[in-house]
Each structure stands twice: as structure tokens, then as C-alpha cells.
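Quick notes on the structure that follows.
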Amino acid sequence: MDPEVSPVINAARKVPVAIKGRLKLELEDMEKQGVIRKVDRPTNWVNSIAIVEKPGTGRLRICLHPKHLNEATRREHFQLPTVEEIASRVSGAKVFSKLDARHGYWQIPLDEPSQLLTTFSTPFGRYCFTRMPLGIKSAQEVFQKRISQHLDDLEGVATEIDDILIWGSDEQEHDARLEATLQRCEEINLTLNADKCKFNVNEVSYCGHNFTKDGVKPDESKIKAIQDMPTPSSKKEIERLLGTVNYLAKFVPNLATITAPIRELLKKDIEF
């Protein structure tokens, strides 16, 4: 924490009457899981929360909104792996599996002082997180560092936040690596989301790309998103288009040359 930044106590946001009952149930469930606990003493920091309805479930997702806390939070700047780094290691792989860490950030426990920093107000009193909440600007780096420390020594395994990729040149090699990874997850009490895991496949989506037995390919959903983009009607929309198309740079030779006429439209002396 940056000692130069003064603590902020945010007033509780109003909660619509229509969802108050569901909010109370969600808080009770999170408390039972040990993700949050009640706070009954003064704290220097009190954060806001954002309440989002989960599509098709009727349940709510409670997210910390630590705008001011993030201004005081010091990042570790732990480097995340790049797609290029992972792709170079995966070269020659024929069989893949992908594991998904269930509520990844929640698997990182907070010490007592850190818990109190995440205090938030609700119509039912104040709570704080006992586990790393979404919204903290250093959360991604902290989680990546932790999971890298535990899994990066394994052969044929790559980690990117809460997604774990396992590969092998054949089924036998893949299965041995998968077994070693699952055993390590059990040892470190890393809970997986079975519904999102994929096992023994020839192609898997990872880090926004498709890893296949024939190499790394662009994600079809991203190509479709580019195809479905409307014709730009302003320079801002041109910038958005170019930013999206740039995803294809590693797959399309001379992409910069191809898009040069479009970039010309961004010049100050060009009216659009």
C-alpha cells in the first residue's frame, strides 16, 4: 500500500428493493463459503460494491468496486506469459487438455490486514473479503505469480491466470502430464471447474487463440467479430477497427501494408 494515499470511506450504494432479498441470500452464501466475513469494528477503508445479475440463473454476482483502494495499491508487476512464448513451447503437440480454476482469485487467502482493506457496505451491514476479490488491480498478477510458482516446473504445462494448458506429442505423453498436473492441483488445494475443463482434444481455445495439432490458429470467434463490425463512420471507429484487426498480425503477412490505406484516413488533414 502507498502510505501517501489517504484512506477513503465510501457511502453505501442504494440497492433496488427488487433485488435486496437475493443480495442477502448471496451474502449469506459467500459467508458460508468463507469468502467474506462480517466486520463489526471501525476500518480505515470502506469500498463500494457492484451487483451484477448472472445471465439465466437469477443469482447475483457481488463485485468489489475499489476505485480509491486501487489508487493506493502497489502492483507487483509480475509478467504474464505471452501467446508467442506459449506457442513456442507447444510446437509439435497433438493432444491437449485445458483446466479451469474455479473462482480462481477466491483461492488466494488474504491476511487479516489485507482483509480489512476490502471492507464494503451493504444494507445488511459491513463485510470484508477473506479471499482475493475481483477488482483489485494487483489481483491478476498475484494469482498468476502464485499459480506459476506451483505449476511452472511441470513439463508440458502453461498457465495464464485461471486457465491451465496441458499438451503432449502423443496421447501417452499428454496423459502422463495431465495426471501430474491434476496431482499437483490436489496437493495445493486448487479447485477446478469441471464444466469448463476440456480433456484429450486435438484443438483447444487458449489465450484468445486456437491451439491445434497443426499449430496455432486465430480464434474463429474473433475473426467473426471483425467480419461483423460495421463500416466505420468516424476516426474513432477506424481506430477501433484497426485495433481489432491487429489481432491477425501474426497470421497475415504484410498486414501493415494491407491496412495502410485505412490508416491514412486517420491523418489530421483528412476529413472523415
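The values are calculated or read from the model by the stated rules, or taken from the named source; none is laboratory data. From a predicted model like this one, the values you see are computed outputs, not experimental measurements. Don't worry about glycine lacking a Cβ; one is built from the backbone with ideal geometry, like all the others, and counts go over all protein chains shown.
Structure values in brief
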read-out: Residues of the stretch 252-271 satisfying the condition of being basic (Lys, Arg) and not in a helix (DSSP H, G or I); value: 267, 268
read-out: Condition check for residue 41: over 18 Å from residue 11 (Cα atoms) and not aliphatic (A, V, I, L, M); value: no
read-out: Qualifying positions in the stretch 64-107 - crowded, with 18+ Cβ neighbours inside 10 Å, modelled with pLDDT of 90 or more and more than 24 Å from residue 131 (Cβ to Cβ); value: 93, 95, 96, 97
read-out: Near pairs, Cβ below 6 angstrom, 6+ apart or cross-chain, from the stretch 218-237 (exposed (fewer than 10 other Cβ atoms within 10 Å of the Cβ)) to any residue that is among the basic types (Lys, Arg) and at pLDDT below 85; value: none
read-out: Whichever residue in the stretch 238-271 is in contact with an Asp or Glu (Cβ under 9 Å, 6 or more places away or on another chain) and more than 27 Å from residue 209 (Cα to Cα) and, among such residues, is surrounded by the fewest Cβ atoms within 10 Å (Cβ to Cβ); value: 270
read-out: Any strands (runs of 3 or more DSSP E) falling wholly within the stretch 1-119 and containing at least 2 residues that are out of contact with any Phe, Trp or Tyr (no Cβ under 8 Å at 6 or more places or on another chain) and in the same structural domain as residue 195 (by the TED database); value: 95-100
read-out: Answer residue from the stretch 16-63, given it is within 18 Å of residue 133 (Cα to Cα) and among the acidic types (Asp, Glu) and is surrounded by the most Cβ atoms within 10 Å (Cβ to Cβ) among those; value: 26
read-out: Residue check, residue 146 crowded, with 16+ Cβ neighbours inside 10 Å, charged (D, E, K, R) and under 19 Å from residue 33 (Cβ atoms); value: no
